[in-house]
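Q: Provided herewith is a single structure, encoded as structure tokens, for subsequent inquiry.
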Amino acid sequence: MTDRPDRPRADRPAVPTIVGIDLGTSNTAVAVVRNGKVSVLAGADGARAIPSVVSIPRTGELVVGAEARRRIATDPSRTIASPKRLLGRRLADREVQTFVAQAAYRTLPADDGTVLIEVDGEAYAVPQLCGFILDQARALAERQLGDVRLAVLAVPVSFDETRCRAVEVAARLAGLEVVGLIAEPNAAALANRYVPGFGGLVGIYDFGGGTFDFSIVDVSRSRFQVMASAGDPWLGGDDIDAVLSDAAANQFWRQHKVDLRKHAAELQRLRFACEEAKRTLSTADTTRIEVKDVLRTAEGMVGLKLSLDRATLSRAAGAIVRRSLDVADRALAQAGLQPGDLSAVYLCGGSSQMPAVREAVQRHFGVPLQAGVPPDQAVAIGAAIHGSLIALRRSSPIVAARG
């Protein structure tokens, strides 16, 4: 009698389930390979990403994800967004000081100098907060896959050994065993492996919410060779939102002599509105930044209303996009290449979908620009593929960068 195809032989070990997780600065996604097909898992609301936000309304109560994100504008001193930016960093670092100075919550140094965030007198380490987010990702996976304990996590290329260890600590706190780490651009390259036309010497332009990475990968053979990588852990779409909200706050101050940047809840509402306007302009030519009831006057509540078009957004984002291209040029210099030496540039990360970004990248490289798999899902998909190869005890086609 032959084995039924849907029943594994008794002497054949079961293949473990290994999920791929993109712990993003703005959003976290989890993906898995099942029956030879890879998919990004969706929650009950249909969303394929969990906002990377943790809120602690009171001691012993925890809110993570979309509901926590909504609380940024109503309870900012108890809500922590983008904890990944602080993961493995020292509180005394200049970039960290700039970041926490804009936050409504209180911070203090841990014994090792890393960041502790205080809410209602209780201190939380950053890996603990990231662990809450990863626990939400694990729970999402378990609702669809059963018990999940093994994961591959994607990390920015700028993460050193200390920061990678912090990622692993966060995963352990979430009940996950990290069986592999993969650089985010490398994961994106793996995700695009079977996209028609994928070949040659490609650039992976990964512009996320809070980090930017660029890798050059030789995919002309079955084994991919990562030629060079460079990244900026403090560069992302969030910075474009900040530029827009700063300009809007300046205009509001000129009209009403009230600085919204000194009001945490109103400023966050403004940033949400700017982010929404930025997304709208990916498909529309004009939109409005609108925030209701930000100022009480003798005549009643006053709101903020501003028109925004693609050209204005492009100018506002210009310096930030230029910084991303400077990072890409550093990687090209490492590899001894010019922009035109690439066969194509593949986009990943949600911020890469902005028309202003796509146009600037196209002008800079002058080579075909490809989206391939959905840019905001590429990293999670690549991490899941890497995990499936580990589960099957096959080697990854990705070869580490030289030098």
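Q: If you fit an axis through the alpha-carbon atoms of helix 310-335 and take the longest principal axis of the Cα set of the chain, what angle between them do you get, 0 to 90°, nearest 10?
A: Relative to the chain, helix 310-335 is tipped by roughly 40 degrees.
Q: Whole number please: convex hull volume per residue, Cα atoms of the stretch 198-370, in Å³.
A: 111
Q: Sticking with this one: In whole angstrom, note down how far apart the Cα centers of the stretch 145-209 and the stretch 69-114 are.
A: The distance from the Cα centre of the stretch 145-209 to that of the stretch 69-114 comes to 23 Å.
Q: Cα-Cα over 24 Å: which of LYS262/LYS305; LYS257/LYS278; LYS37/LYS84; LYS278/LYS305?
A: Checking Cα-Cα distances, LYS257/LYS278; LYS37/LYS84 exceed 24 Å.
Q: Moving on. Report the dimensions of the chain along its three principal axes from the alpha-carbon atoms, largest first, rounded to Å.
A: 86, 53, 41
Q: Still on this structure, I have one more. Kirkwood hydrodynamic radius (Cα pairs, Å) of the stretch 52-129?
A: That comes to 12.4 Å for the stretch 52-129.
Q: Moving on. Using only Cα atoms, what is the ratio of the radius of gyration of the stretch 332-403 to 2.2 N^0.38 Å?
A: The reported ratio for this selection is 1.34.
Q: HN-Hα J couplings of the stretch 154-164 from phi, Karplus 6.51/-1.76/1.60, θ = phi - 60°, integer Hz, Gly and Pro as x?
A: So the Karplus estimates, Gly and Pro as x, are 8, 10, x, 5, 7, 6, 8, 4, 4, 6, 5 Hz.
Q: Relative contact order (percent) for the chain, with alpha-carbon contacts under 8 angstrom and 6 or more residues of separation?
A: Answer for the chain is 19 percent.
Q: Which value, in Å³ per residue, describes the convex hull spanned by the Cα atoms of the stretch 50-206?
A: Taking only Cα atoms, the stretch 50-206 has a hull volume of 149 Å³ per residue.
Q: Using the Cα centre of the stretch 198-370 as origin and beta-carbon charges of +1 (Lys, Arg) and -1 (Asp, Glu), tell me which of ALA230, SER343, THR312 is placed farthest towards the positive end of the dipole.
A: THR312
Q: Right, something else. Which percent, nearest 5, of DSSP beta bridges in the stretch 38-188 are antiparallel?
A: The antiparallel fraction comes to roughly 70 percent.
Q: I'd like to compare 285-298, 378-391, 360-373: which one has the highest average count of other Cβ atoms within 10 Å, and what's the full order after that?
A: 378-391, 360-373, 285-298
Q: Where in the stretch 176-255 are there chymotrypsin sites (Phe, Trp or Tyr not before Pro) that are in a DSSP coil and have at most 12 other Cβ atoms within 10 angstrom of their Cβ?
A: Qualifying residues, ordered by number: TYR194.
Q: Mean-square fluctuation check for the chain, GNM, Cα pairs under 10 Å: which of ALA125, ALA228, ALA247 is largest?
A: ALA247
Q: If you don't mind, another one. What residues of the stretch 40-55 lie in the reach of a label at GLN144, counting those whose backbone N is under 11 Å from a point 7 Å from the Cα along Cα→Cβ?
A: Counting only backbone N, you get 40-49.
Q: Below 8 Å between Cα atoms, with a sequence gap of 6+, how large is the relative contact order for the stretch 30-170 in percent?
A: 20
Q: Can you give me the relative contact order of the stretch 255-403 as a percent, contacts being Cα pairs under 8 Å and 6 or more apart?
A: Over the stretch 255-403, the number comes to 15 percent.
Q: Rounded to the nearest 5, what is the percent of antiparallel bridges among the DSSP beta bridges in the chain?
A: The answer is about 70 percent antiparallel.
Q: With +1 on the Cβ of every Lys and Arg and -1 on the Cβ of every Asp and Glu, and nothing else charged, how large is the dipole of the chain about its Cα centre, in debye rounded to the nearest 20?
A: Using Cβ point charges on Lys, Arg, Asp and Glu, the chain gives about 560 debye.
Q: Tell me the mean residue ellipticity at 222 nm calculated for the chain from its helices only (DSSP H runs of n ≥ 4, each -39500 (n - 2.57), averaged over every residue, nearest 500).
A: Rounded to the nearest 500, the figure is -11500 deg cm²/dmol.
Q: So, one more: Which of the listed residues, TYR105, ALA66, LEU91, is farthest toward the dipole's positive end in the stretch 52-129, when Lys, Arg count +1 and Asp, Glu count -1 at the beta-carbon?
A: Positive-most Cα among the choices belongs to ALA66.
Q: Helix 355-365 versus the longest principal axis of the chain: what is the Cα-based angle in degrees, 0 to 90, to the nearest 10?
A: Taking Cα atoms only, the helix is inclined about 60 degrees.
Q: Continuing with this model, one more query. Using the alpha-carbon centroid of each, what span in Å lies between the stretch 323-385 and the stretch 219-283?
A: Rounded to whole Å, the Cα centres lie 19 Å apart.
Read-outs throughout are calculated quantities, based only on the coordinates presented, and are distinct from any laboratory measurement. In this text the structure is predicted, and so the values were computed from the model without any measurement. Methodologically, a virtual Cβ is constructed for each residue, glycine included, from the backbone with ideal geometry; neighbour enumeration extends over all protein chains shown.
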